[in-house]
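Everything below concerns the one structure shown next.
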Amino acid sequence: MNEPLELTDDNFEQEVLNSDLPVLVDFWASWCGPCKMVGPIVEELAKEYAGQLKVGKLNVDNNGKIPIKYGIMSIPSLLFFKKGQVVEQIIGAVPKKSFVEKLEKIL
Amino acid sequence: MIKLTDKNFDSKVINSKCIYLVDFWAEWCNPCKGMFSILEKLSAEYKGQLKVGKLNVGKYPEIAARFNILSMPNLLFFKNGKVFEQIIGIEGEQKLLKKIKDILQESQMLKEEK
């Protein structure tokens, strides 16, 4: 079972920037309706791409520093990291297919 | 600029007699903080015609959800309790002021026509 990891301002560097695997980060908030559509997709991807991709979720209201660093202004925002760099991003709720297309490019 | 909360939102904004501009912002949105001084200026300039308030979406998520706010900064213009215009995202100060002034002028003209 691979559940998305809970990311914070404190563990972000270690879990995302220093990760050997590419990382998909879901920037979300509890009050954001579309974030609830993206949440289950991200959970599925964590299972389906286990071993190839790390998946994490960062609550923007509880962790203010990382969203500022990456200029997040909309939620949900999804950033794809590879070797500590953002290589792709998705803004807003989109179908799973769009995630898979991006992942196929970067994995 | 008035600090809006879930408690005062309806009494201040929805029941307002004049146009109410609400700036939805978030702690995690750095560019949002740049909007405050612009809106303060505007609020002083249009005193009596326009009220300006700001709402922290992280603190008052019910209000953000009620108006479907997902992008910040997000300016909603209310008249008679209803949203009639919206500006999303960052703009340069001059561009933003012009946009807001145009919106206010237009709504004023509509009033006169009636």
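The values are calculated or read from the model by the stated rules, or taken from the named source; none is laboratory data. The structure displayed is predicted, hence computed values, not measured ones. Positions of Cβ are generated from backbone atoms using ideal geometry, with glycine treated the same way; all protein chains shown enter the neighbour counts. Keep in mind that these areas ignore ligands, DNA and RNA; they rest on the heavy atoms of the full protein, side chains included. Shrake-Rupley method; radii C 1.70, N 1.55, O 1.52, S 1.80 Å.
Does any residue of the range B:7-16 turn out to be more than 14 Å from every other protein chain (Cβ to nearest Cβ), among the acidic types (Asp, Glu) and within 24 Å of residue A:61 (Cα to Cα)?
yes
Would you mind finding the one in B:12, B:17, B:3 that is open to solvent by 70 Å² or more (accessible area, probe 1.4 Å) and without any contact (Cβ under 8 Å) to a residue 24 or more places away in the chain?
It is B:17.
Quick test of your reading of the structure: residue A:26 fulfils all but one of (1) in contact with a strand residue (DSSP E or B) (Cβ under 6 Å, 6 or more places away or on another chain); (2) within 30 Å of residue B:60 (Cβ to Cβ); (3) open to solvent by 20 Å² or more (accessible area, probe 1.4 Å). Name the failing condition by number.
(3)
For the range A:55-100, give me each residue that is away from chain B (no Cβ under 14 Å) and of a type in the set (Lys, Arg).
The answer is A:57, A:82, A:83, A:96, A:97.
Return a yes/no flag: does the range B:59-70 have any residue that is surrounded by fewer than 19 Cβ atoms within 10 Å (Cβ to Cβ) and modelled with pLDDT under 90.
no
Tell me, which residue of the range A:42-55 that is surrounded by 19 or more Cβ atoms within 10 Å (Cβ to Cβ) and in contact with a helix residue (DSSP H, G or I) (Cβ under 9 Å, 6 or more places away or on another chain) is farthest from residue A:79 (Cα to Cα)?
A:49
I need the full set of residues from the range B:74-93 which are modelled with pLDDT under 90 and within 16 Å of residue B:41 (Cβ to Cβ), in order please.
B:91, B:92, B:93, listed by residue number.
Answer yes or no: is there a residue in the range B:90-107 that is without any contact (Cβ under 8 Å) to a residue 60 or more places away in the chain and within 14 Å of another protein chain (Cβ to nearest Cβ).
Checked the range B:90-107: at least one residue is without any contact (Cβ under 8 Å) to a residue 60 or more places away in the chain and within 14 Å of another protein chain (Cβ to nearest Cβ).
Only one of B:91, B:85 is within 18 Å of residue B:15 (Cα to Cα) and among the charged types (D, E, K, R). Can you tell me which?
B:85 is the lone residue from the list that is within 18 Å of residue B:15 (Cα to Cα) and among the charged types (D, E, K, R).
Tell me, yes or no, whether the range B:36-50 has at least one residue that is within 11 Å of chain A (Cβ to nearest Cβ), surrounded by 14 or more Cβ atoms within 10 Å (Cβ to Cβ) and not aromatic (Phe, Trp, Tyr). Outline the logic, then answer.
Just the residues of the range B:36-50 that are within 11 Å of chain A (Cβ to nearest Cβ), to begin with: none.
Scanning the range B:36-50, I find no residue that is within 11 Å of chain A (Cβ to nearest Cβ), surrounded by 14 or more Cβ atoms within 10 Å (Cβ to Cβ) and not aromatic (Phe, Trp, Tyr), so the answer is no.
Would you pick out the residues in the range A:7-21 that are under 8 Å from residue A:63 (Cβ atoms) and either open to solvent by 30 Å² or more (accessible area, probe 1.4 Å) or of a type in the set (D, E, K, R) (or both)?
A:8, A:9
For residues that are among the hydrophobic types (A, V, I, L, M, F, W, C), farther than 11 Å from residue B:24 by Cα and either touching a residue at least 24 places away in the same chain (Cβ under 8 Å) or within 14 Å of another protein chain (Cβ to nearest Cβ) (or both), tally how many sit in the range B:78-89.
1
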